[in-house]
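The values are calculated or read from the model by the stated rules, or taken from the named source; none is laboratory data. This one's a predicted model, so the numbers in the text were calculated from it and none came from an experiment. Positions of Cβ are generated from backbone atoms using ideal geometry, with glycine treated the same way; all protein chains shown enter the neighbour counts. The protein model used for the area step is the full one, side chains on, heavy atoms only, and it has no ligands, DNA or RNA in it. Shrake-Rupley method; radii C 1.70, N 1.55, O 1.52, S 1.80 Å.
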Amino acid sequence: MLAVAVLAAGKGTRMKSSLPKVLQPLAGATLVERVLASAANLQPERRLLIVGHQAEKVEEQLAPLGGLEFVLQQPQKGTGHAVQQLIPALENFEGELLVLNGDVPLLRPETIDALVTQHRISGADVTLLTARLADPTGYGRVFTDAKKMVSSIVEHRDCSDEQQQNNLTNAGIYCFNWSALVKVLPKLSTDNDQGELYLTDTVELLPSAMHLEVSDAGEVNGINNRRQLAQCEALLQQRLRHHWMDEGVSFIDPDSCTLSEGCIFGRDVVIEPQTHFRGTCRVGDNCRIGPGSLIENASLGSNVTVMHSVVREASVGNEVTIGPFAHIRPATEVGDGCRIGNFVEVKKSLLGSGSKVNHLSYIGDAHLGENVNVGAGTITANYDGVNKHLTSIGNNSKTGANSVLVAPVTIGDEVTIGAGSTITKNVPDGSLAIGRAKQMTKEGWTSRVS
Ligand code: UD1
Ligand code: CA
């Protein structure tokens, strides 16, 4: 049997944040969600989360994941004290307990698998992950004996100058034999610089402690402050970009672009500088996105071009051109072959295939048929101050420059709206509608006045 426990009760004082540290976001997911995901492969029988600081907030955020047992640690007196709180919950448990620090978010699932496998083969009481770090500042140092067994872990602040030279560090990820651990947990003392109960002291108390050194030290980065958060974000972003480069995506200036794990790209996609993808995005083959664009929870077909634009919670077909400087807002569906040009905002609207909104328009709560040509400066007046209303435009219709379509209004197929019109009444198929004051011209006016 395997139980996984994530330590997530600490305040994270060094973050200087009103958010508990384990809820800090990294590439769109919280630290603790990432830690849980790194152990999901193992399909543990039990998943426990030790919560304390802002426990309700952490529970509320994680409850939707399901199957988690929350264990309260109040007050928080150290990582050893946190694990002591598991004793009642795991009273009749037999097997391995995998303990994960809630602030070590970049672990690869394969690394955790390897740790558990080595632990099971060796039969040690505990096996922990270690890393050799170029700069081990802040991490606990791991000391081994002649047989390469772990003899002790000394926190950075408790190390002598000589001990600080040891760059073999504790990653905060441990696989314990629970029945051995439960015997030594009550023996922990607070005899250290912080006056806390350290989980790391169990390695001295257990008969056999082993370690597994990771090959990629970047995986075990712990997050205690915002600098480390930024470093982890950079590492994660690089991992994501490298993955997609290997799958056929080109980045013109990779470091200036960010992705999220929920993004899927086709082949020969080109991502131009300063372009960001958030949430769940699908991008088809041969798209060219950017420079300077944000795509969030959106799906784009193939051969789509987006330049200097924002597309959020929208679905875009194939062969579509967006921008520069367009804003596609939630609940918009853009059909194949559409063109949305500069300074155009589209909200909660359907654009049939081949329709064009090329310049300076607001299209909100509208249904456009196929091949509609929306003239420059056309506005749907969708809001009467209380409710939003629908504008419907049929196939092959055109609106003249500076038209205002006052919703609710239905414009049929093959309609032409004269430039500068304010349309308040429905227009049947095949008509020309003009709604503006007749022009009055007074000839000879200039010479008469002067
Ligand atoms: C810890 C390790 C250190 C290791 C480092 C790796 C100890 C004593 N030290 O140090 O050897 O190199 O992680 O990143 O374990 N937590 C609780 N309850 C508490 C205290 C902490 O749940 O009472 C949780 C925190 O929320 C956090 C994790 O335990 O997720 C680690 O705590 P933190 O204070 O960050 O430990 P470090 O000083 O980084
Ligand atoms: Ca830490």
- Message: Need pairs with beta-carbon distance below 7 Å; first residue closer than 14 Å to G12 by Cβ and within the range 48-59, second of a type in the set (S, T, Y); sequence gap 6+ or separate chains.
- Response: none
- Item | Residues of the range 322-344 satisfying the condition of being part of a strand (DSSP E or B) and open to solvent by 60 Å² or more (accessible area, probe 1.4 Å) | H327, E333, R339
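Yes/no matrix, rows are residues, columns are (1) within 16 Å of ligand 2 (Cβ to nearest atom); (2) among the polar types (S, T, N, Q); (3) without any contact (Cβ under 8 Å) to a residue 24 or more places away in the chain:
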residue: R108; (1), (2), (3): no, no, no
residue: R120; (1), (2), (3): no, no, no
residue: E155; (1), (2), (3): yes, no, no
residue: D158; (1), (2), (3): yes, no, no
residue: E162; (1), (2), (3): no, no, yes
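State yes or no: is L205 under 16 Å from S151 (Cβ atoms), open to solvent by less than 10 Å² (accessible area, probe 1.4 Å) and either in contact with a helix residue (DSSP H, G or I) (Cβ under 6 Å, 6 or more places away or on another chain) or more than 10 Å from ligand 1 (Cβ to nearest atom) (or both)? Spell out the reasoning first.
Numbers: under 16 Å from S151 (Cβ atoms): yes; open to solvent by less than 10 Å² (accessible area, probe 1.4 Å): no; either in contact with a helix residue (DSSP H, G or I) (Cβ under 6 Å, 6 or more places away or on another chain) or more than 10 Å from ligand 1 (Cβ to nearest atom) (or both): yes.
Against the criterion (under 16 Å from S151 (Cβ atoms), open to solvent by less than 10 Å² (accessible area, probe 1.4 Å) and either in contact with a helix residue (DSSP H, G or I) (Cβ under 6 Å, 6 or more places away or on another chain) or more than 10 Å from ligand 1 (Cβ to nearest atom) (or both)), L205 does not qualify.
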- Query: What is the one condition in (1) within 16 Å of ligand 2 (Cβ to nearest atom); (2) out of contact with any strand residue (DSSP E or B) (no Cβ under 9 Å at 6 or more places or on another chain); (3) of a type outside the set (D, E, K, R) that A134 does not satisfy?
  - Reply: (1)
- Message: I'd like to check something: does the range 45-65 contain any residue that is within 8 Å of ligand 1 (Cβ to nearest atom) and within 21 Å of G262 (Cβ to Cβ)?
- Response: no
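Quick one: count up the residues across the range 345-379 that are under 16 Å from A298 (Cβ atoms), open to solvent by 10 Å² or more (accessible area, probe 1.4 Å) and either polar (S, T, N, Q) or not in a loop (DSSP other than H, G, I, E, B) (or both).
Of all residues in the range 345-379, those under 16 Å from A298 (Cβ atoms) come to 345-351.
Now narrow it down to the ones that are open to solvent by 10 Å² or more (accessible area, probe 1.4 Å): 345, 347-348, 350.
Those left that are additionally either polar (S, T, N, Q) or not in a loop (DSSP other than H, G, I, E, B) (or both): 345, 347, 350.
Of the residues in the range 345-379, 3 are under 16 Å from A298 (Cβ atoms), open to solvent by 10 Å² or more (accessible area, probe 1.4 Å) and either polar (S, T, N, Q) or not in a loop (DSSP other than H, G, I, E, B) (or both).
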- Query: How about the range 223-276: which of its residues are part of a loop (DSSP other than H, G, I, E, B), within 16 Å of ligand 1 (Cβ to nearest atom) and either buried (at least 18 other Cβ atoms within 10 Å of the Cβ) or basic (K, R) (or both)?
  - Reply: I223
- Conditions: (1) open to solvent by 20 Å² or more (accessible area, probe 1.4 Å); (2) in contact with a strand residue (DSSP E or B) (Cβ under 7 Å, 6 or more places away or on another chain). L197 meets all but one. Number of the miss? (2)
- Which condition number does K11 fail, the rest of (1) under 30 Å from I295 (Cβ atoms); (2) among the basic types (K, R); (3) within 13 Å of ligand 2 (Cβ to nearest atom) being met? (1)
- Item | Single unsatisfied condition, L48 versus (1) away from ligand 2 (no atom under 16 Å from the Cβ); (2) at pLDDT 95 or above; (3) open to solvent by 10 Å² or more (accessible area, probe 1.4 Å) | (3)
- Message: Scan the range 22-35 and tell me whether some residue there is within 26 Å of E91 (Cα to Cα), more than 15 Å from ligand 1 (Cβ to nearest atom) and surrounded by fewer than 19 Cβ atoms within 10 Å (Cβ to Cβ).
- Response: no
- Item | Check on E319, part of a loop (DSSP other than H, G, I, E, B) and in contact with an Asp or Glu (Cβ under 8 Å, 6 or more places away or on another chain) | yes
